[in-house]
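Just below is one structure, and these are the notes that go with it.
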Amino acid sequence: MFRYFLFVFCALLTLAPGANAAESAAPTNATNAGLRLAVFDVDATPPIGDMMAYDHVTNRWDLGLRARGIVLLGAGEPIVLCAVDWIGIANEGHDAFRESLARAARTSAQRVTVHSLHQHDAPDCDFSAEKILKQAGFDAGPYEGRFQRQVISSLETAIREALPCAQPITHLGLGEAKVEKVASNRRILGPDGKVRDTRWTATTDPKVRAEPEGVIDPALSLVSFWNGEKPVAVLSYYATHPQSYYRTGIPNPDFPGVARFFRQMTSPLALHVHFNGAGGNIGAGKYNDGSPENRVVLAERLADGMRRAWENTRRQPIAASNVTWNVESVFLPPAKHLSLKKLESQLAARDKEFIAQGNAPRLAWLRRCRDGHKIDITCLGLGTARILHLPGETFVEYQLAAKAARKDLFVAVAGYGDYAPAYVGTAIAYDQGGYETSPSSSNVAPEVEQVLMSAMRKLLLAPQ
């Protein structure tokens, strides 16, 4: 059934308005000389009974979870961008995704970027944490990776089968629009400069909701790839936590997934892929009290921003020579409050607090830091555009700094890459206190700002 659908989808793409008879009749190798794009899309919804990040799956919703993306061909080794409707993909789980997608696309793992959207009624993925727990005789809980490995396998198959359907890309589209009444800063500071209140993604206190939006990036960025007059893929980028309400037992893509679905229905021949920006300290709390009815309200507002960014899109010719891919591999300093020795001792003693505090991913992260593991920060250059790929729940200040560094270019940011660092705050944020930079939330030290900002500058200033 999947192969039949893929055949029909490829045929529709080829024969859609804007494709002439010569294009549809051209042999495959006639299009191999230029820039081409393949799209892939698989179901990433766990079955009933499986464990998500917080709860077991009890039922299914109309919209499931997706893992989808693009493979850009013709500019050196293939480039793969993938977005997954899961809460996070970390450590060896993130490695496995990149390596498998690279194998399927016949490229190197450093040219693959994988991001989660961070929905909370969704699976977690950390094969390192799974291994730690199982070797110690614990139940792996949310880190049980059986289903996650099935999705990776499905992605490999989808990419291999999508490559023959790759379409020529002649133009790049860039658009931007302000999203109204969705994002707000979670961290509300008092007169002393410390965090006074946290405005959660669902905030019931009207006084806290009434506080100003605070520091956000209100812009939604849209990058589209075109074959003549025909859109092939549309990538959207917007920084905010994606929750309206959760802990339902039903896997769902929350309001960004609903918004993506709305736009997919409007332009069905182009695959719509949404990336969460650097939204670690951003949520919808000012505009969301957690009422279930708010999901569609927030979705419609986000979809409206997507629509206006689409209408604002300006197209430019693009060729393989206009595409660059740069990588900065960086060591992110682990949080000083984390002790490898203490966590190893807890694990050896089978201390129940090790499980209760969710320490398996932290221990995995510290072991990787001990071994000198580095995280790849990557940047895709597309003509006058740059797309920056960041790890963890990075604060919006990093996104704003990236855009300020290259005001002459169109800059989009995808956060929630390797989830192992968890929250990635700015240096001052660790002095300000608050949930996001507390010992239970951030696995990196304040010095992370200098490391990450330096890598971003090098990538954004690299020559085209």
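Every read-out reported here was derived from the displayed coordinates using simple, explicitly stated rules and does not represent laboratory data. Treat the numbers as computed from the prediction; the structure is a model and nothing was measured. Note that we place each Cβ from the backbone using ideal geometry, even for glycine, and neighbour counts take in every protein chain shown.
Quick notes
- Relative contact order, percent, the chain [alpha-carbon distance under 8 Å, six or more residues apart]: 17 percent
- Local electrostatic count at residue 296 - Lys and Arg +1, Asp and Glu -1, tallied over other residues with Cβ under 13 Å: -3
- Treating each Cα of segment 64-130 as one equal point scatterer and applying the Debye formula with no solvent, the log10 of I(q)/I(0) at q = 0.19, 0.22, 0.25 Å⁻¹ comes out as -0.71, -0.89, -1.05.
- Residues residue 370 and residue 269, FRET efficiency given R0 of 45 Å [Cβ-Cβ distance, rounded to 0.05]: 0.40
- Mean Cα-pair separation over length for segment 179-318, i.e. relative contact order, pairs under 8 Å, 6 or more apart, %: 35 percent
- Computed over the alpha-carbon pairs of segment 282-343, the distance histogram in 10 Å steps reads 13, 19, 18, 29, 18, 3 percent, short to long.
- Projected over every direction and averaged, the convex hull enclosing the alpha-carbon atoms of the chain yields 21.0 nm².
- Alpha-carbon radius of gyration plus Dmax, which is the widest Cα pair, for segment 323-414 in Å: 18.0, 56
- Taking the centroid of alpha carbons for each part, segment 388-464 and segment 70-137 are 20 Å apart.
- Relative to the current alpha-carbon distance between residue 435 and residue 331, full extension at 0.36 nm per residue lengthens the span by 35.1 nm.
- Charge context of residue 392, other residues only, Cβ under 12 angstrom, K/R +1, D/E -1: -3
- Over the Cα atoms of segment 155-276, the radius of gyration divided by the Kirkwood radius equals 1.09; this is the Rg/Rh ratio.
- Cα gyration tensor shape of segment 104-207, rounded if a/c is under 1.5, else prolate or oblate by comparing a/b with b/c: oblate
- Compactness ratio for segment 33-96: Cα radius of gyration over 2.2 N^0.38 Å (N = residue count) comes to 1.46.
- Taking only the C-alpha atoms of segment 345-464, the Rg (one decimal) and the largest Cα-Cα distance, Dmax (whole number), read 16.5, 56 Å.
- Sites listed here are GluC sites (Glu not before Pro) in segment 245-349 whose DSSP assignment is loop and whose Cβ has at most 14 other Cβ atoms within 10 Å: 293.
- Local electrostatic count at residue 272 - Lys and Arg +1, Asp and Glu -1, tallied over other residues with Cβ under 9 Å: +3
- When only Cα pairs below 8 angstrom with a gap of at least 6 residues are kept, segment 328-464 shows a relative contact order of 30 percent.
- Only alpha carbons enter this Debye calculation for segment 224-344, each as an equal point scatterer, and the log10 of I(q)/I(0) it gives at q = 0.13, 0.20, 0.23 Å⁻¹ is -0.73, -1.13, -1.31.
- Relative protection proxy for 353-362, 56-65, from highest mean packing down: 353-362, 56-65 (other beta-carbon atoms within 10 angstrom).
- Burial ranking of peptide ranges 275-284, 394-403, 314-323, 225-234 (average Cβ count within 10 Å, highest at the top): 275-284, 394-403, 225-234, 314-323
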